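To start, the structure itself, in structure tokens.
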Amino acid sequence: MVVLDRTGPEVTVAGNMKKSPSTSTESPSALIDAKIESLGDWRGEMLSRLRALIKEAVPDVAEEWKWAIPVWSHNGLICTGETYKKVVKMTFAKGASLADPAGLFNSSLEGNTRRAIDFHEGDKLDTKALKALIQAAVALNKSSARG
């Protein structure tokens, strides 16, 4: 039997339930830690690697917990980190306005605003290109905040 968890993108199978991060007074960073730990597989490892890469690219990034998912911001939303059964999705809020010379965006390509990168089990990260994309998103947020 499949039980849908309406608080986030995770689907929980009855009898094999994993504890999801609560929406209590825990800090966003603690909620993200709990999410990573609750996954217990390659998705948690990937989300953890992406989180570390975001923090390397933008040391003063703000971690938030919105829509029951991890969110990273700096002068506005940079990206989210969603986890699904077969993919970890990194969605850039203003991705359609970002140059992507390395061709990282591979999902949500049809919209006028967002763009996403789907990571699958075993995918290798192009850390240099990903950091550049994250920093470009921050630069775009800064320029938008000024005007």
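The values are calculated or read from the model by the stated rules, or taken from the named source; none is laboratory data. Keep in mind that what you see is a predicted model, and the values were worked out from it rather than measured. All Cβ positions, glycine included, derive from the backbone under ideal geometry; neighbour counts span all protein chains shown.
Only one of these is in contact with a strand residue (DSSP E or B) (Cβ under 8 Å, 6 or more places away or on another chain), at pLDDT 95 or above and not in a helix (DSSP H, G or I): Ala116, Ala96. Name it. Spell out how you get there, then give the answer.
Values: Ala96 fails: not in a helix (DSSP H, G or I).
So the residue among Ala116, Ala96 that is in contact with a strand residue (DSSP E or B) (Cβ under 8 Å, 6 or more places away or on another chain), at pLDDT 95 or above and not in a helix (DSSP H, G or I) is Ala116.
Go through segment 83-102 and give me each residue that's within 21 Å of His120 (Cα to Cα), touching a helix residue (DSSP H, G or I) at 6+ places or on another chain (Cβ under 9 Å) and surrounded by 17 or more Cβ atoms within 10 Å (Cβ to Cβ).
Once the filter is applied, which keeps residues that are within 21 Å of His120 (Cα to Cα), touching a helix residue (DSSP H, G or I) at 6+ places or on another chain (Cβ under 9 Å) and surrounded by 17 or more Cβ atoms within 10 Å (Cβ to Cβ), segment 83-102 yields Thr83, Val87, Val88, Met90, Phe92, Ala93, Gly95, Asp100.
Among the listed residues Lys142, Lys124, Lys128, which satisfies the condition of being part of a helix (DSSP H, G or I), farther than 16 Å from Pro59 by Cβ and basic (Lys, Arg)? Don't jump to the end; show me each part of the working.
Numbers: Lys142 fails: farther than 16 Å from Pro59 by Cβ; Lys124 fails: part of a helix (DSSP H, G or I).
Within the list Lys142, Lys124, Lys128, the selection yields Lys128.
Going residue by residue through segment 103-112, is there one that turns out to be hydroxyl-bearing (Ser, Thr, Tyr), surrounded by 16 or more Cβ atoms within 10 Å (Cβ to Cβ) and outside any loop (DSSP other than H, G, I, E, B)?
yes
Tell me, which residue of segment 73-115 that is out of contact with any Leu (no Cβ under 6 Å at 6 or more places or on another chain) and among the charged types (D, E, K, R) is farthest from Leu47 (Cα to Cα)?
Applying the filter and picking the extreme gives Glu110.
Hey, any hits in segment 57-69 for a residue that's buried (at least 19 other Cβ atoms within 10 Å of the Cβ), out of contact with any Phe, Trp or Tyr (no Cβ under 6 Å at 6 or more places or on another chain) and at pLDDT below 95?
No, every residue in segment 57-69 fails to be buried (at least 19 other Cβ atoms within 10 Å of the Cβ), out of contact with any Phe, Trp or Tyr (no Cβ under 6 Å at 6 or more places or on another chain) and at pLDDT below 95.
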